[in-house]
Amino acid sequence: MKRSLEDVVQVMESSHKGLNSYYRVALDNLDAALAFLKQEGARVATITGKDARDHLEVLYHFAVSAELHTVIVDLPYDAPSVPTITNHFVAAVLYERELIGLLGINVIGIPDSRPLELPPKYTDPTPPLRRV
Amino acid sequence: MIASIVVALVYAFVAALLLQGIRRIVVAHSQFRKGPSIFQAFYDFFKLMGKESLTPNVTSPLLFNLAPILSVASMLFAALVIPLAASASAVGAGDLILVIYLLAIPPIALILGGSASGSPYGAIGAAREVALLIAYETPFIVAMVTVALAAGSFQLTTISATAWITVLPLAAIAAIWTLPAAAAVQPFDIAEAETEIVSGPYVEYSGPNLALLQLGQWLKTFLYASLIAVVFFGTTIYHFEPVINLIIQFAIIALLVSVFIAFWQATTARTRVTRVLRYYWTIPTMLAIADLILYLAGVRYMHFLFGWAGL
Amino acid sequence: MTVAEVNDRGFAKLKVPIGPSHPALEEPARFLFDVEGEKVVDVDYEIGYNHRSIERLCQERPMPKIVYLVERICGICSHAHPLNHVERVEDIADIEVPERAKYIRTIYAELERIHSHMLWAGIAGEEIGYHTLFMYTWREREKVMDLFEMLSGNRVMHGCNQIGGVKWNISDEQARSALGVLGYLDTAADKITKSVLKDSSIAERCKGVGCLSKEDAIRLGAVGPNARASGVAEDTRVMCKYAAYGDFDLEPQIAKDGDVVAQALVRLAELKQSIGLTKELIENLPDGPIQVEYGEIPPGRSVGRVEAPRGELIHYTETNGTRFFERIKIRSPTLANIPSYVPKFIGCQVADIPIIAASIDPCFSCTDRMTVIKDGKRKIVSAQELKTGRI
C-alpha cells in the first residue's frame with residue numbers, strides 16, 4: 001500500500017510483522033478504513049469472528065497483493081452488531097453470514113441475513129462458536 | 001413353427017444380453033481395463049428380477065408399470081418377424097414397415113415411463129428421448145424405404161435375398177450411422193445421462209420393472225443391428241445348419257456393434273440434445289435421400305463401378 | 001413433482017434438484033435449478049453437508065493434535081492445510097525452518113497439485129460423459145499416488161508436516177525413483193493436454209460454457225485457477241513466496257475466456273509447470289536437517305496464505321500461551337469460489353450443469369467445516385439473495 005491505514009483513520013492500536021499488519025479501530029471508523037482500503041485496491045480475503053472471553057471481536061482480513069491487512073473491531077456480548085461491508089466489498093457476503101450464524105452477530109444492512117450452514121430451526125440460543 | 005418361435009425367442013434373449021457384454025468388454029479394453037464378464041448382463045437381469053418393484057406415488061401407476069411390459073413384448077414380437085439368419089422368419093413372413101414400427105416402441109415406452117415416473121429427471125429424460133427418436137429414425141426410415149423400393153416389396157424375405165449394401169451403400173452408411181443412437185450409448189446416451197439427470201426415465205424403476213425396461217432396450221439394440229445386418233448384408237450366406245447360421249449372423253452383428261457402437265462410445269463425450277437433431281437430419285439423412293434419388297433416377301452407380309465383379 | 005407450469009414459449013418450467021446425493025457431484029451440496037425447457041434461469045444452492053465442526057474442535061484439542069486434525073479437512077488438499085497451519089505457528093513462534101524441510105514441503109505441495117489437476121481432468125471428462133478420459137487420467141494419476149506412498153507411506157494424509165520441519169526425509173534412491181516417475185508424467189501430461197484440447201466432442205460441450213468475466217471474477221472474490229481462467233493474474237505462490245517458492249521463477253498460468261475450456265487450459269498448464277518445478281526441486285534438494293527444536297509457542301497471531309490446488313487458502317491462527325489455540329480460522333478456496341457459480345449457471349443448459357459445477361473444482365469438504373449441526377434440517381440459500389448482495 002502506498003500509504004498506511006494509520007495515516008488516514010484513527011487507529012487504537014496497531015502491530016506489524018513481516019507482511020501482516022493489524023489495526024484495531026473503533027466501530028465508527030470502520031467505514032472510513034474500508035473506503036481507504038478499497039481505494040488501495042484491497043480485496044477481502046476472509047472475516048474472522050472471535051470470542052475473546054469478555055467481548056467479541058471481528059477481524060476483517062484484506063489482501064493487497066502480498067500484504068495482509070487486518071482491521072479489528074470489538075463488540076460487546078449483548079446485542080453485538082456491525083454494519084455490513086458488502087457496500088464496498090461484494091464478496092464478503094458469505095463471510096458475514098458465517099458471523100451471523102456462528103457467533104450471533106447482527107450484521108446491519110446485509111442483503112441476505114440467513115445464517116450460513118445452520119439448519120433453519122436451530123433452537124439453541126448459544127451460537128456454536130461462543131465459549132460457554 | 002412352434003420350435004422356430006422358441007428358438008428365435010431364446011436366441012434373441014441370449015444374443016441381446018451377450019451383445020451387451022461384448023460391447024462393455026470392447027469399451028473397457030479401449031480404456032486400458034479388462035471390463036466385466038461377458039455374462040454381466042445376465043447377472044444384472046436375473047438379480048433385478050429377484051428384487052422388489054416399487055411404484056412411486058404417481059398419478060398413473062398403470063402407465064408406469066405398463067411401459068416395461070410394452071417394451072419387451074414389442075421386441076419379442078419383432079424377434080419373431082425379422083428373419084434372423086434364415087430366409088424366412090420364425091413366423092414365416094415379415095413386413096419391414098411392421099418391424100420399423102415395432103422398433104420404435106421401446107423408446108415410446110421409455111417416454112411413457114419417464115413421464116409417468118413423477119420425477120423431474122424422468123420428465124427431462126422423456127423429453128430428450130423424444131428428440132433423439134425423431135432424430136435418428138429419420139435417416140433410418142429413409143434408408144429402409146429406399147431398400148424396399150429397390151427390392152420391389154416390403155416383405156423382409158424378399159428384401160433379404162440380396163445384400164443391399166452392394167447396391168445402396170449410401171443408404172447402408174446412413175442406417176449404420178444411426179446405430180449408436182439406437183443403442184443409447186455415448187455420444188447419444190442423453191436420455192439416460194447419469195451425471196446430468198441421474199438415469200432419466202429409468203430413475204424411479206426398480207426390481208423386475210427395471211429389468212424388463214432394460215431388457216427391452218437391449219433387445220432393441222440387438223434387433224436394430226439384426227435388421228441392418230439382414231437387410232444390408234442379406235441372408236444368402238446362411239445356407240448351413242440353423243445353429244451355424246445363427247452363430248454367423250451373431251458374429252456379423254457383434255462386429256457391427258463393436259466397431260460402430262463400442263469403439264465410438266469409448267472415444268467421445270456425450271453430445272447435447274439440441275445438437276442431435278441437427279446432427280442426424282443433415283448428413284445421414286442427406287446420404288439416405290441421395291441414394292433414394294439416385295435409385296429412382298435409374299443410376300446404378302455400384303453396378304457401374306463394380307459391375308465387372310459380377311454383382 | 002408434476003410439470004404444471006409452462007412458460008410463454010411453451011417450455012415446461014421445472015425445479016430440478018441436483019444433490020445432495022447426485023452423480024454429478026463429488027461431494028454433497030444441494031443445488032436447486034429453475035429450469036425452463038433445457039435452460040437454467042435461476043439457481044439456489046445450499047452447503048453445509050460436510051460439517052465436522054473443525055474450527056470449534058481446534059479450540060478444544062491440545063496443540064500437537066491440531067496438525068493431524070487440520071490435515072483431515074480434505075483428502076485432495078491434505079497437504080495444503082497442514083502446511084499453512086504449521087507456517088502460521090512458525091510465524092508466531094519465530095521458528096526458522098531448515099532449507100531442506102522447506103524444499104520437501106514444496107515437493108509434496110507440487111505433487112499434490114499434480115494429482116489434484118489430473119483428478120479434475122478425469123472428473124470433468126466424466127461429467128460430460130467422456131468416461132474414457134476419466135479412466136485414462138486416473139490411470140496416470142495412480143503413478144503420483146504410488147510416488148506419495150513411496151515417500152510418506154500414504155496416498156493422501158501424508159502426516160509429513162510438523163511444526164519446525166517435516167517428518168519424512170527423501171533418500172537419494174527415492175529421489176531417483178521420483179525423477180523417473182516425473183519423466184513419465186511429463187509425457188502423460190502432454191498426451192492428456194493434447195487429447196483434451198483437440199477433441200471435438202469436448203470442445204462442443206465446453207466451449208463458451210459457464211463463462212465468468214474478469215470483472216465478475218474480481219468482484220465476487222474468485223481465487224485460484226477459477227480466477228486465472230478469467231484472466232486474473234494472481235498466484236499465491238508467486239505473490240507470497242512461501243516455503244521454497246522464493247528460489248524459483250514461476251509465472252501464473254492464465255487464460256482469457258473464463259469458460260470451461262479456459263479452466264482446462266489453466267489447470268493443464270499448471271500441471272505441466274508443476275511437473276517441471278518438482279523435478280527442479282528434487283534435483284536441487286539441499287542437504288541438512290529436516291527438523292529444528294523449538295520451545296514454547298508464545299501468545300501471538302498470524303495470518304497467511306498458501307496456494308492449494310483449488311486456489312488461495314487462508315489461515316488465521318491466534319495463540320494465547322496455553323497449550324490450546326485461541327482461534328483458528330480457515331477459509332478454503334472453494335468458499336471464495338462459490339459466489340462465482342451464479343453468473344456461470346444462469347443461462348446455461350441442463351446438460352451443462354454438471355460440467356459447470358465441476359469446472360471450479362469444488363471441494364465442499366474444505367468448505368463446510370464449521371458448525372455443529374444439531375438436527376438434520378437444511379436450508380436453501382437463494383441465488384436471488386446472492387445477487388442482491390451486489391451493488
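What you get for the stretch B:1-89, charging only the Cβ of Lys and Arg (+1) and of Asp and Glu (-1), is a dipole of about 360 debye around the Cα centre. Dimensions of the stretch B:1-116 along the principal axes, based on C-alpha atoms and rounded to the nearest Å, stand at 46, 44, 25, largest first. Taking the longest Cα principal axis of chain B as reference, the axis of helix B:96-116 is set at about 20 degrees. Electrostatic bookkeeping for C:Met157 treats Lys and Arg as +1 and Asp and Glu as -1; over the other residues with beta carbon under 13 Å from its beta carbon, the sum is 0. Sorted largest first, the spans of the alpha carbon positions of the stretch B:2-309 along the three principal axes are 64, 45, 42 Å. From helices alone, chain C scores -14000 deg cm²/dmol at 222 nm; the rule is -39500 (n - 2.57) for each run of n ≥ 4 DSSP H residues, then divide by the residue total.
When +1 charges are put on Lys and Arg Cβ atoms and -1 charges on Asp and Glu Cβ atoms, the dipole computed for the stretch A:5-108 relative to its Cα centre reaches about 300 debye.
Semi-axes of the equivalent ellipsoid for chain A, computed as √(5λ) from the eigenvalues of its C-alpha gyration tensor and ordered from largest down, come to 26, 16, 13 Å. With N counted as the residues of chain C, its alpha-carbon radius of gyration over 2.2 N^0.38 Å works out to 1.01.
In terms of surrounding Cβ atoms within a 10 Å radius of their Cβ, C:Tyr103, B:Tyr279, A:Tyr95 rank from fewest to most as B:Tyr279, C:Tyr103, A:Tyr95. Which of the listed residues, C:Ala269, C:Ser116, C:Gly164, is farthest toward the dipole's positive end in the stretch C:54-333, when Lys, Arg count +1 and Asp, Glu count -1 at the beta-carbon? Of the listed residues, the answer is C:Ser116.
Exposure proxy ranking for C:Cys206, C:Cys348, based on other Cβ atoms within 10 angstrom of each Cβ and starting from the fewest, stands as C:Cys348, C:Cys206. Legend: residue pairs C:Lys198/C:Lys344; C:Lys39/C:Lys191; C:Lys241/C:Lys279; B:Lys34/B:Lys220, Cα-Cα distance threshold 28 Å; pairs beyond threshold, C:Lys39/C:Lys191.
Can you tell me the 0 to 90 degree angle between the C-alpha axis of helix B:207-233 and the longest principal axis of chain B, rounded to 10? With rounding to tens, the tilt is 10 degrees. Taking a sphere under 14 Å around the Cβ of A:Glu40 and counting the other residues whose Cβ falls inside, with K and R at +1 and D and E at -1, yields a net charge of +1. Enclosing the Cα atoms of the protein assembly as shown in their convex hull gives a volume equal to 187 cubic angstrom per residue. Short-range pairs are left out: with C-alpha atoms under 8 Å and at least six residues apart, the relative contact order of chain C is 27 percent. Taken about its Cα centre, the stretch C:54-333 carries a charge dipole of roughly 700 debye when the Cβ of each Lys and Arg holds +1 and the Cβ of each Asp and Glu holds -1. Of all lysines in the structure, those lying under 22 Å Cα to Cα from A:Lys121, and not within fewer than 8 positions of it along the same chain, are C:Lys374, C:Lys377, C:Lys379.
Among C:His22, A:His61, the order by Cβ neighbours within 10 angstrom, fewest to most, reads C:His22, A:His61.
Positive end of the dipole of chain B (Cβ unit charges, origin at the Cα centre): among B:Phe260, B:Ala184, B:Pro61, the Cα lying farthest that way belongs to B:Phe260. Against the main long axis of the alpha-carbon atoms of chain B, helix B:61-81 sits at an angle near 20°. In straight-distance terms, cross-link reach from C:Lys214 covers every one of the aspartates and glutamates whose alpha-carbon lies under 16 Å from its own, apart from those fewer than eight places away in the same chain; here that gives C:Glu234, C:Asp235, C:Asp257, C:Asp259. Shielding by partners for peptide C:299-310, expressed as the average number of C-beta atoms from other protein chains within 10 Å of each residue's C-beta, is 3.
Each value in this text was obtained by applying a stated rule to the coordinates, not by laboratory testing. As the structure is a computational prediction, the values presented were derived from the model and not from experiment. As a convention, Cβ positions derive from the backbone with ideal geometry for all residues, glycine included, and neighbour counts pool all protein chains shown.
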